[in-house]
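Any read-out appearing in this document is the output of simple, stated calculations on the displayed coordinates, not a laboratory observation. Since the model is a prediction, treat every value here as computed from it, not as a measurement. All Cβ positions, glycine included, derive from the backbone under ideal geometry; neighbour counts span all protein chains shown.
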Amino acid sequence: MTARHQQVADDLRRLILSGALPVDSRLPPETQLATRYRVSTPTLREALELLRAEGLVEKFQGRGNYVRRPPRRLIYPGPGDGLHVIVSAADIKAPPELAARLRARPNSPTTEYVCLSHRDDSPQSLAHLYVPRRAAHADPPPTCSSPWGDDLLTAAGVTVDSSNDQVTARFPTAAEAQSLRIPTRTPVLAVERTFTTHDGRVAAYALLVLPGDRAEIAFISRNDKKAEA
């Protein structure tokens with residue numbers, strides 16, 4: 001049996017997506033909504049929390065809950081059509097945890113690239129790309145076309161044979177929430193990508209953060225069979 005807060009969320013979602021509750025309109029006070037749906041205020045707030053996580057409702061302190069425009073979906077991996085990527089770079093010394101991921105010594109010289117992609121004026125993804133200085137043969141330009149920063153490796157002369165992704169759903173850090181302009185209670189998809197060379201050495205490590213209210217991940221598998229002679 002569907003939980004009561006999910007039933008409330010389903011009905012409010014239907015009203016939002018149908019236009020019955022227009023974008024930018026203010027929802028009735030929580031006490032009124034709780035009375036309308038015959039639920040307790042905590043149950044009503046659970047329903048609103050679901051809608052906030054989906055990017056359909058936003059709460060402003062002292063003003064109430066407002067309907068948001070459903071965010072355009074961002075598919076990973078994808079070409080990033082319509083995205084503008086801003087890149088910043090800094091030379092750092094790899095702290096122990098990062099050094100372990102790069103299979104390098106602590107404090108090893110490393111270049112950090114921060115790629116923040118936008119669609120119009122809305123941040124869509126945040127990527128931190130770490131490249132050991134020993135692996136780079138050139139300084140790549142501070143621009144890229146990929147929201148994930150992959151083409152920065154090519155520009156730096158880093159040869160990559162394969163990559164491995166690990167996906168985690170979590171809440172954003174305060175810095176991530178600020179960069180992506182999302183509430184700290186909006187879940188994100190964190191993709192850790194490790195780039196390796198043909199001989200198994202780690203060429204780079206990236207942390208990609210995608211807002212859960214506007215992103216989806218597609219898993220693609222291929223089954224290549226050689227034709228029998």
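A few notes on this one:
- When Rg and Dmax are taken over the Cα atoms of segment 1-40, they come to 10.7, 33 Å.
- In segment 106-223, a dipole from Cβ-located charges (positive for Lys and Arg, negative for Asp and Glu) runs towards its positive end, and of A175, T110, A206 it is A175 whose Cα lies farthest in that direction.
- Helix 4-18 and the longest principal axis of the C-alpha atoms of the chain enclose an angle of approximately 80°.
- In order along segment 21-35, phi translates into HN-Hα couplings of 10, x, 4, 6, 7, 8, 6, x, x, 4, 5, 5, 5, 4, 5 Hz, rounded to whole numbers, per the Karplus curve 6.51 cos²θ - 1.76 cosθ + 1.60 with θ = phi - 60° and x for Gly and Pro.
- Phi angles of segment 126-136 translate, via the Karplus equation with coefficients 6.51, -1.76, 1.60 and θ = phi - 60°, into HN-Hα couplings of 10, 10, 10, 10, 10, 10, x, 4, 5, 8, 8 Hz per residue; Gly and Pro are given as x.
- Over the chain, relative contact order from alpha-carbon pairs under 8 Å, at least 6 apart, %: 17 percent
- Segment 74-217, Rg to Rh (Cα coordinates; Rh as Kirkwood inverse mean 1/r): 0.95
- Distant-in-sequence amide H partners of L27 (H built 1.01 Å from N, under 5 Å): N65, Y66, V67
- Compared with the dominant Cα axis of the chain, that is its longest principal axis, helix 41-53 is turned about 40°.
- Against the rule of thumb 2.2 N^0.38 Å, how large the Cα Rg of segment 4-67 comes out: 0.98
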